[in-house]
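Presented below is the structure to which this report refers.
The values are calculated or read from the model by the stated rules, or taken from the named source; none is laboratory data. Since this is a predicted model, take the numbers as computed values, not measurements. Here the Cβ positions follow ideal geometry from the backbone for every residue, glycine too, while neighbour counts run over all protein chains shown. To get the accessible areas, we keep the full protein, side chains included, count just its heavy atoms, and leave off ligands, DNA and RNA. Shrake-Rupley method; radii C 1.70, N 1.55, O 1.52, S 1.80 Å.
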Amino acid sequence: MTASPTDKPIAGLSRYTTLIGVEQLQALRAAHRPCMVFDCSFDLMHPDAGRRLYEGLHIPGAVRADLEQHLSAPHGLPDAHGRVVVAHESGRPASGGRHPLPDREKFAAWLSSVGFSNDMQAVVYDRNGANYCGRLWWMLKWAGHDAVAVLDGGLQAWQAAGCDTAGTAPEATRRAVEPSHFQSNFQLGPPLRTLVDAGAVAAALGQPAQTVVDARAPARYRGETEPLDPVAGHIPGALNRPFGQNLQADGRFKPAAQLREEFDTLLAGRDPGGVVHQCGSGVSAVPNLLAMELAGYAPTALYAGSWSDWCSDASRPVERG
């Protein structure tokens, strides 16, 4: 099976900005380059499962990055599990939806609290087909940090290569994600990726300059079922590409040429520069965004609020079928 692309050859030990392979990560660690690995494993329907998975097995030294605890903001709206979280007192989320982005300053504070600094290479992984680690990849780009890469094939690829793994006691897990003497001072930079909101998407509906790509499963896109949000359907005119279509059978991303061909077919002549990615809550849209970059397109935009944000306003149009 053809290997998926990574940024640079091992000999250069340069920064990685899209994907990194197991061998490249091993080389970085062996060379003692400044690097932090994040385990983003999660289960949407069982939010505590990510912690248990991490405690049971992870790449040695990896920091746990939980979708709901660390990569989303409290918001005061029912989440995917029907719980209502009190809005944070000191700042508004950067997006709407079930998993609203924290503002950039709060995200930078969390990065500092776990010891991440601007000179580090970040490597993110999960055991969920790059579904959840893509969120942290995108957020670091949004925070102005370019040296972040997804471990191609995730934890499964690491294990298949015979690499060491570790377990963690619950108390150690808590210490790994709370402020400690390892704090750094991560400094935000200009955003390297584009975040758009519902207003921007609505203003460009039906215009050739915008193409919305929906990463949800086809039945949810068509409005035949909706297990998480109160309204079924999709944003009018959106194209459907389930995020799992970017991966090979072994969980690695498809070769760049194949991804390019598939996205060219999907877009059918539409301007790739006008693509806006979305899903249910802005998480599983990111593998599509990353795949387009692997295919050689320029970075595209993310509507992080996604369907859960769009359908929260009854005045916004809905399409089915």
Exercise for review: Compute the acute angle (0 to 90°) between the alpha-carbon long axis of helix 133-142 and the principal axis of greatest extent of the alpha-carbon atoms of the chain; round to the nearest 10°.
Suggested key: 90 degrees
Check your understanding: Under 5 Å between amide H atoms, partner at least 5 residues away or on a different chain: which partners does residue 240 have, H built in plane at 1.01 Å?
Key -> 214
Point to revise | Table column - 3J(HN,Hα) (Hz), region 147-154, Karplus curve with 6.51, -1.76, 1.60, x for Gly and Pro | key: 7, 9, 9, 7, 5, 5, x, x
Practice item. Give, rounded to the nearest 20 debye, the magnitude of the charge dipole that the chain has about its Cα centre when Lys and Arg contribute +1 at Cβ and Asp and Glu contribute -1 at Cβ. Key: 200 debye
Practice item. Take every DSSP beta bridge with both residues inside region 191-321 and express the antiparallel ones as a percent of the total, to the nearest 5. Key: 15 percent
Review point. With N residues in region 144-293, what two-decimal value do you get for its Cα radius of gyration over 2.2 N^0.38 Å?
Key: 1.28
Study note, to complete from the structure: Each label sits 7 Å from Cα toward the beta-carbon; between residue 166 and residue 23 the label points are separated, in nm, by 2.6 nm
Check your understanding: Roughly how many Å² of residue 18 are accessible to a 1.4 Å probe, to the nearest 10?
Key -> 20 Å²
Revision key, fill the gap. Each label sits 7 Å from Cα toward the beta-carbon; between residue 183 and residue 69 the label points are separated, in nm, by 1.9 nm
Study note, to complete from the structure: The ³J(HN,Hα) series, computed from each phi in region 33-45 with the Karplus coefficients 6.51, -1.76 and 1.60 at θ = phi - 60°, rounded to the nearest Hz and given as x for glycine or proline, is 6, x, 8, 10, 9, 10, 9, 10, 4, 7, 9, 4, 8
Study note, to complete from the structure: The rounded separation in angstrom of the Cα centers of region 260-286 and region 290-313 is 7 Å
Practice item. For residue 121, enumerate residues with amide H under 5 Å from its amide H, sequence gap 5+ or separate chain, H modeled in the peptide plane. Key: 35, 36
Revision key, fill the gap. Simple spin-label estimate for residue 231/residue 219, 7 Å along Cα→Cβ, in nm, reads 2.3 nm
Point to revise | Across the chain: Cys residues that no other cysteine approaches within a C-beta distance under 4.7 Å | key: 35, 163, 279, 311
Check your understanding: Once fully extended, how much extra length lies between residue 319 and residue 57, figured as 0.36 nm per residue of separation less the alpha-carbon to alpha-carbon distance?
Key -> 90.1 nm
Revision key, fill the gap. Within the chain, the percent of DSSP beta bridges that are antiparallel, given to the nearest 5, stands at 15 percent
Exercise for review: Taking H placed 1.01 Å from N in the peptide plane, check which residues at least 5 places from residue 277 or on another chain put their amide H under 5 Å from its amide H.
Suggested key: 213, 301, 302, 303
